[in-house]
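Here the structure is laid out as structure tokens; the discussion comes afterwards.
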Amino acid sequence: MQGWKSTVSSRFFTTKELVIYSLIFLAACLLLYPKDKLDRYILIPERKNLELSIIYTRNLLRIWDAPAFRVHLLENLIQVGMMRDAEEEAKKLIGTPYEDRAYFALYRIEKSRYFSRESLNTDLMQEYLVSTMEASKDKGLILEVHKEAILMNLPSVAMTSAERLYRLEGDISWLRKAYSYAVGLGDVQRALPYAIELYKKDIKEREKYLREMSYMLARSGEGRLLLEKHREAMGKSLYMEVLTRMEPKMLTPTQAERLVEDYLKLFMASKGYEARKRLFKSIVQMYLWREDYTGAKAFIAGHYGEFIKDKETALFILKSAIATGDNHFALEVAQKVKEEFIE
């Protein structure tokens, strides 16, 4: 028996018929709606019949390839759950002025697959969010990227998007967030430039950033290289401040010697009490770190009288005198401290 052969066409319309239909549809639309009204109608988000809108927009795109309409079609496809079709339309928008929207749509599609357990590719979601930021200058969209990064636990993207928002808005709170994420990730290479910028702009918290920079660099295997890399951005004063707080093992002999010389020059040139007190402490610490106890004793003896009335500094002076290992010198300093504070 001869097998039955289907004679039903696999398509309702031929390509030629579809083109003719689309032209007739467009002509009718243009008659009913002038172009500006047609644009508004197609792009209105509050339509009740999304599927009908999808059909209309697809037909329009066959003869009028307007990226704005494709963005609209893409949004509707996502809303009705036609993710494969949405993915195809999103990829067509790459390379257009709507590329950022395309990548964000691809992220949303992948996120949908993640929650439906169809795919658990968080790396791809991260890639799409990064591409969205790279293609966009839209603060609103980058803010959406930041929110999504937090929602999906993508701290690297949260950090980068916070930095982008800071660059776009100038709001220092975004830079603080970027810095917090960098510290949390243990990314010293990103955290250090953030900290340097915050040190310069977040004046009230300078001590905090100085302390944290020194801590990070002292414990990083690349601390010395990173410090030198960002030396120019830091400026001489901050660079030296960080060096004095780093562990002695981080300082090369040349760095330590040069640092003492620079600080001595600053100390001699400084007039303000607070600045001189801070420099005095730093110089004493550097001498002790270098185990140059003779230099430490000479410097303390020559200048400690200026700062001994300050209880905190007096205690520092006494501890430093003891650290030199010279008991006679330490006793002499202790006697002066006693005379100052005990009647």
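The values are calculated or read from the model by the stated rules, or taken from the named source; none is laboratory data. No experiment lies behind these values; they were computed from the predicted model shown. As a convention, Cβ positions derive from the backbone with ideal geometry for all residues, glycine included, and neighbour counts pool all protein chains shown. Accessible surface areas use protein heavy atoms only, side chains included; no ligands, DNA or RNA. Shrake-Rupley method; radii C 1.70, N 1.55, O 1.52, S 1.80 Å.
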**Fill in**
Only one of (1) open to solvent by 40 Å² or more (accessible area, probe 1.4 Å); (2) part of a helix (DSSP H, G or I) does not apply to residue 242, and that is (1)
**Prompt:** Which of the residues belonging to the stretch 89-113 are surrounded by fewer than 16 Cβ atoms within 10 Å (Cβ to Cβ) and either more than 17 Å from residue 135 (Cα to Cα) or touching a His at 6+ places or on another chain (Cβ under 8 Å) (or both)?
**Reply:** 112
**Request:** Just name the residue that is farthest from residue 318 (Cα to Cα) out of those in the stretch 272-286 that are modelled with pLDDT of 85 or more and charged (D, E, K, R).
**Result:** 276
**Request:** For the stretch 216-234, state whether one or more residues are of a type in the set (Gly, Ala, Ser) and under 19 Å from the mean Cα position of the chain (by Cα).
**Result:** yes
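A quick yes/no check of all residues on (1) touching a strand residue (DSSP E or B) at 6+ places or on another chain (Cβ under 7 Å); (2) over 26 Å from residue 243 (Cα atoms); (3) among the β-branched types (Val, Ile, Thr):
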position: 297; (1), (2), (3): no, no, no
position: 321; (1), (2), (3): no, no, no
position: 326; (1), (2), (3): no, yes, no
position: 333; (1), (2), (3): no, yes, yes
position: 337; (1), (2), (3): no, yes, yes
**Message:** With the structure loaded, tell me whether residue 319 is surrounded by 14 or more Cβ atoms within 10 Å (Cβ to Cβ), charged (D, E, K, R) and either over 21 Å from residue 272 (Cα atoms) or out of contact with any helix residue (DSSP H, G or I) (no Cβ under 8 Å at 6 or more places or on another chain) (or both) or whether it fails that test.
**Reply:** no
**Asked** Which condition number does residue 211 fail, the rest of (1) open to solvent by less than 70 Å² (accessible area, probe 1.4 Å); (2) within 13 Å of residue 192 (Cα to Cα) being met?
**Response** (1)
**Message:** Based on this model, can you work out whether residue 165 counts as touching a residue at least 12 places away in the same chain (Cβ under 8 Å) and assigned to a helix (DSSP H, G or I)?
**Reply:** yes
